[in-house]
Each structure stands twice: as C-alpha cells, then as structure tokens.
1. Is it the case that region 123-146 has a residue that's of a type outside the set (Val, Ile, Thr) and closer than 22 Å to residue 12 by Cα?
2. Restricting to region 185-218, and then to whatever is open to solvent by 50 Å² or more (accessible area, probe 1.4 Å) and in a loop (DSSP other than H, G, I, E, B), can you tell me which residue is modelled with the highest pLDDT?
3. Scan 50, 60, 79 and give me the residue that is modelled with pLDDT of 95 or more and in contact with a Leu (Cβ under 6 Å, 6 or more places away or on another chain).
Amino acid sequence: MVDQDRLQQWRQVVAQEARAGNGSDTETADRQEIPGFAEQDAPWRFETLVANLSQTADRVLDLGEELPEAADGTYDLVVCRFGAFDAHDVAGLLQPDGTFLTEQAGSDDLAEVLDDLGGASSEPSVPRASLMDMENSLVRAGLTIERADAFRGKYTFDDPGALLRYTARMPWLPSVQPDAPGLDATLTELASHFEEGPLEATASRFVLLARAPGIPDSGRLDLSSLPDDDLEVPRV
C-alpha cells in the first residue's frame, strides 16, 4: 500500500511536468536532466549521422523546425527525429537522389508499463510505429530504403518520479495528467513496479535512411568507341 505522502509527491511531479509542457521536447539533454533516470545508448548517434550526410548537402530541412508552405522538391536532405511525418510529403520535399533520415521510438518502447498508464494519461502526440510499417510507407511513397537499423536496450528508473517525468517529456508515450479521475490508481500501479528496486524497461529505437529516385537517363547513342578509320563494306 502506497502512503499518501508518496502519492502527493508523485502528484506534484505530474503537475510540474504538465505546467512545463515538456511533451514536445525530445532533446537528449532534457532526458539526462531527469534525476534517477539512465538510458542505454543506441549504436548510432543521430547527430553524427546528420552531420555526415550534411557535408554533401546544399539544402537541409529538419522536420522538427518550421516547415515550408509547400513541397518544392529541392532539398538534398530531410531529417526527422522522434516526430510524425507523412511519407508522401517527405518524398515531395526531396530533389532527385535526395535523402531522408529519421530516428524513431519503436512500438515496444517502455512496453512494461504502458498498460498501467491507463485512463489517467493523455494520448501521445506522436503515433507509435514499427520499423516495418515505416519502411512500407516510405517505399509506397516512391523512396528506396538504404539503411534500416533497430536497437533494443534498456532504461533504468530509480523511482516512480523519474518514470513520470520521462513519460511526460517523450511525445510517443502517454503522459499522466494531473486532473485525471484515475490518477491515484495509476500512480499506485506504476509504483508496484518498484517494489523490488529500480525499474528496468525496454528502450526501443530504429533509424531509417531512404533515397528519392534519381533523374531518369533517357538513353543515348555512344559513338566514342567506334574506330576513326572508314569501315570497309564487303562486296556480295
């Protein structure tokens, strides 16, 4: 049985995160600032991938920033991290041979506690998708998948407060709301995962790199390999 003092502490955490409005903020620094939270790193760094691809790109668009009013097909590189996007819109933004890079949370991310969040939570602002589903949507939009890597690691939460802060800040996760009628029941359910110590839960990530079709080669007759001498026409 959870005592009222601890429930009150967690209610305060929920209220603080709701006031801060962290649901759209997915910067790594913010996650590191959560006391009692640790995350196993994926084998890639998204920032490094973007930096490498940007070296040969003249026009780069981050879908997390202000978007153009219309797809103009002139971007060499379009990137999206932990955000929603429409595959056909992305294809329209890319110039021929342009590339699209995205990192997303897998559909099994934090699977151990999702059911316990229950009716006291708001819906995620970013829909959860599997690697295969996202690959299929990009291919249907006319792009070619050049890289598809998945990673399953672990999170460690020392206490329910760290878990509540994390779910509030990650837009692909439902976040507990301070005015929800089932708040105390949800907090009690989440606390049950910490009865034997810190909670270890699934961290799921995947990265996709897709390329737009190049300019079609209309074909031509190459005469460069023909001999310079006049050809002798045989008599018949």
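The values are calculated or read from the model by the stated rules, or taken from the named source; none is laboratory data. Source: prediction; values computed, not measured. Reconstructed Cβ throughout: ideal geometry from the backbone, glycine too, with neighbour counts over all protein chains shown. Each accessible area value is taken on the protein alone, full model and side chains, heavy atoms only, with ligands, DNA and RNA left out. Shrake-Rupley method; radii C 1.70, N 1.55, O 1.52, S 1.80 Å.
1. Taking region 123-146 and keeping what is of a type outside the set (Val, Ile, Thr), we get 123-125, 127-138, 140-143, 146.
So of that shortlist, the ones also closer than 22 Å to residue 12 by Cα come out as 123-124.
Yes.
2. The qualifying residue modelled with the highest pLDDT is 198.
3. Values: 50 fails: in contact with a Leu (Cβ under 6 Å, 6 or more places away or on another chain); 60 fails: modelled with pLDDT of 95 or more.
Of 50, 60, 79, the one residue that is modelled with pLDDT of 95 or more and in contact with a Leu (Cβ under 6 Å, 6 or more places away or on another chain) is 79.
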